[in-house]
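Enquirer: Just passing along the structure, written as structure tokens.
Readers should treat all values here as calculations from the given coordinates under stated rules, not as data from a laboratory. Owing to the predicted nature of the structure, the values given are computational and were not obtained by experimental measurement.
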Amino acid sequence: MSEIDWASWTPTEVSALLFVVRGGQVLLIRKKRGLGAGKINAPGGRLEPGETPADAAVRETREEVGVVPSAVRERGELRFQFTDGYKLQCFVFSADDCEGEPVETDEALPIWTRLNAIPYDEMWADDREWLPLMLSGRRFFACSIFDGERMVDLSLDVQDPAEPLFEHLRALGIATETVSHPPVFTVDEAKQHRAQHDGPHVKNLFLRNKKGAMWLVTVHEDRPIDLRDLGKRLGAGNLSFGSPERLRTYLGVEPGSVTPLAILNDRDRVVTMALDASLFRDGVSNIHCHPLTNDRTTSIGSADLLRFVASTGHDPVLVDFDV
Ligand SMILES: Nc1[nH]c(=O)nc2c1ncn2[C@H]1C[C@H](O)[C@@H](COP(=O)(O)OP(=O)(O)OP(=O)(O)O)O1
């Protein structure tokens, strides 16, 4: 790896990959021909003359499985140096949705796959290193060396979107404790990877009403939530889930990583925070939530959480669900 100067590296060809991530599933393919035939991957391929990587990602997805992705965003970059001298650069994209139903073509068999059941054993070896990071909202840059289909080396550069959050907590003198675990997308999955037991874990909902007003609602993980009842309690009218794009724009997190700590990213204070009053009753010391990515859980004192929220300029509504 040390022999390759990745800064001056120029690819032989450029390609793109696109992951449609919707409703807890990702659209993968079994590739039937070309580089990596037989493997599971995302739709993708090499750029045609004059194309941008984003254009190629969308075109390849349409050609390979017949759907048109929407809300496409670049998420990271891969560089593959093959030992025979071939150099492939690959830009990785995700999309929140797609139009049409995926169909099998000569090139690929589409497979909607649950986010917690991605078959890494059947994919290129580098994928297990960066795909979970992408799904939890991190930007990545991975350089690897392949001898044919065998990965010989890999170096990975990852951006942690939680750095400014931890910095903010440190500046407030708030001590927190964070543990890492595999990415979790539901309360049930989170319960399987639990290390902290000294206080409630939370469930978080990013909601909007018809007028576009937004709420970040944090409740005890076991509290059943009825959106109609919640809308009445908040005086919000009819509430529905905010779209992934809205979530990203206003709170800077991916679906599955919603957390009260994301209120820090609402710099313009357009999101109203609603907190389950039971989390702040006497006897509750620590609260456990994700630090902007769903592959970690942070413990924060309940009084410290309120102090943190106040420091962001938000005045939370405390909702007593027991009356
Ligand atoms: N190690 C790796 N990990 C990964 O996730 N994707 C890889 C990879 N190495 C190559 N790819 C992907 C990137 C790109 O989307 C694709 C390139 O495959 P192909 O050369 O078959 O492209 P095309 O689909 O353009 O081929 P044709 O349609 O046959 O021209 O393989």
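Enquirer: Let me check against my output: what whole-number percent is the relative contact order of the chain, with C-alpha pairs under 8 Å and at least 6 apart?
Expert: 15 percent
Enquirer: In the structure displayed, which of Lys191/Lys232; Lys211/Lys232; Lys32/Lys191; Lys31/Lys87 lie more than 26 Å apart, Cα to Cα?
Expert: Pairs exceeding 26 Å: Lys191/Lys232; Lys32/Lys191.
Enquirer: Counting only helical runs of four or more DSSP H residues, what would the 222 nm mean residue ellipticity of the chain come to if each run contributes -39,500 (n - 2.57) and the total is spread over all its residues?
Expert: Result for the chain, helices only: -5500 deg cm²/dmol.
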